[in-house]
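Derivation of every value follows stated rules applied to the coordinates shown; laboratory data play no part. What you are looking at is a predicted structure, and each value in this text was computed from that prediction instead of being measured. Cβ coordinates were reconstructed from backbone atoms using ideal geometry, including for glycine residues, and neighbour counts include every protein chain displayed.
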Amino acid sequence: MEKDQLENRMRFAEHVLERQGAVPLDINQKNRELLGQRVTYRLGGVYYRIDHAEIEGKTFIILSATESKEYAGIGLMDDIQAISADAGDETIRRKLLEAMA
Amino acid sequence: MRVSFDLDEVLFVDPKRFETEKPPRFPMSLLFPERLRKGTVDLIHQLQKEGFDVWVYTSSFRSESYIKSLFRNYGVRFDDIVNGFRHQAEVQRNRRQTLPTKVPSHYHISLHVDDEEAVIRNGREYGFKVMRVYEPDEHWADKILEEARRIRAREEAESRKA
């Protein structure tokens, strides 16, 4: 998958979080700068972040989460959902909502 | 009545030594490498069907989101989850005395299922009921169901007397 296409899919995933009321936070700056980690969101006491991973040659959008403010602040989260980056908008939306339920 | 389960060595087991539930499909099988003791899914469903509140009480620091998502792949939804973070925040707090890693009675849990001898000893000292499950045992789920029903019957009898 092209870099621009992947960025577009990840941006869409973040848009889904925002539509649910997730608030972008100004935390984890060090890892954002050093490792290129994306923005952290908070919704209902849970911190979320969108990422991507290559697994067995396929690209996946990853949703990571933690309830710990301290861990979120240093970018430490558990991966809780993997969605094929080729998936359509509705699949991405449904799988994200399912994981955040 | 509430029943809680420890995770490691109780519901999460080594597939080399234990029969396990079928893992979730790729790529979730890689995201969630823990394997469930065979019978876990039916046991949790049966307990909930019989009206028991089923919780996880673990001293591990896996996030609640992770535990919820892992079990969602098996069609299991716990009524509540206490992990190491929550225990520290709600049970240990800033007490000077170090409490045990699990105090199920704090959450009105009537039966906790765990593999550790230390948790059973703590149960005697702090007044909570623990059932030990650790070795492979094809009847483990039936034994837990039986014990949960027995404790509920006793609690109901006691509340009728009071």
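Please go through the range A:72-94 and pick out each residue that is within 8 Å of chain B (Cβ to nearest Cβ) and of a type outside the set (Gly, Ala, Ser).
Correct list: A:MET77, A:ASP78, A:ASP79, A:ILE80, A:GLN81.
Specify the residue that is farthest from A:ASP89 (Cα to Cα); the eligible residues are those in the range A:2-46 that are among the basic types (Lys, Arg) and within 10 Å of the chain's Cα centre (by Cα).
A:ARG38
Residue-wise test of (1) over 21 Å from B:ARG72 (Cα atoms); (2) touching a strand residue (DSSP E or B) at 6+ places or on another chain (Cβ under 6 Å).
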| position | (1), (2) |
| --- | --- |
| A:LEU43 | no, no |
| A:HIS52 | yes, yes |
| A:LYS58 | yes, no |
| A:GLY73 | yes, no |
| A:ILE80 | no, yes |
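Tell me which helices (runs of 4 or more DSSP H) are completely within the range B:48-162 and hold 3 or more residues being in contact with a helix residue (DSSP H, G or I) (Cβ under 7 Å, 6 or more places away or on another chain), or say none if there are none.
B:140-161
Examine the range A:75-91 for a residue that is part of a helix (DSSP H, G or I) and either within 21 Å of B:GLY84 (Cβ to Cβ) or under 14 Å from the mean Cα position of the chain (by Cα) (or both), and state whether such a residue exists.
no
Residues in the range A:17-30: is at least one acidic (Asp, Glu), within 14 Å of chain B (Cβ to nearest Cβ) and free of Cβ contacts under 8 Å to residues at least 40 places away in the same chain?
Checking the range A:17-30: not a single residue is acidic (Asp, Glu), within 14 Å of chain B (Cβ to nearest Cβ) and free of Cβ contacts under 8 Å to residues at least 40 places away in the same chain.
Quick check on this structure: which one of B:VAL91, B:VAL76 is among the β-branched types (Val, Ile, Thr), within 27 Å of B:PRO24 (Cβ to Cβ) and without any contact (Cβ under 8 Å) to a residue 40 or more places away in the chain?
B:VAL76
Criterion first (away from every other protein chain (no Cβ under 14 Å) and either touching a Leu at 6+ places or on another chain (Cβ under 8 Å) or part of a helix (DSSP H, G or I) (or both)) does A:GLU14 satisfy it?
It is true that A:GLU14 is away from every other protein chain (no Cβ under 14 Å) and either touching a Leu at 6+ places or on another chain (Cβ under 8 Å) or part of a helix (DSSP H, G or I) (or both).
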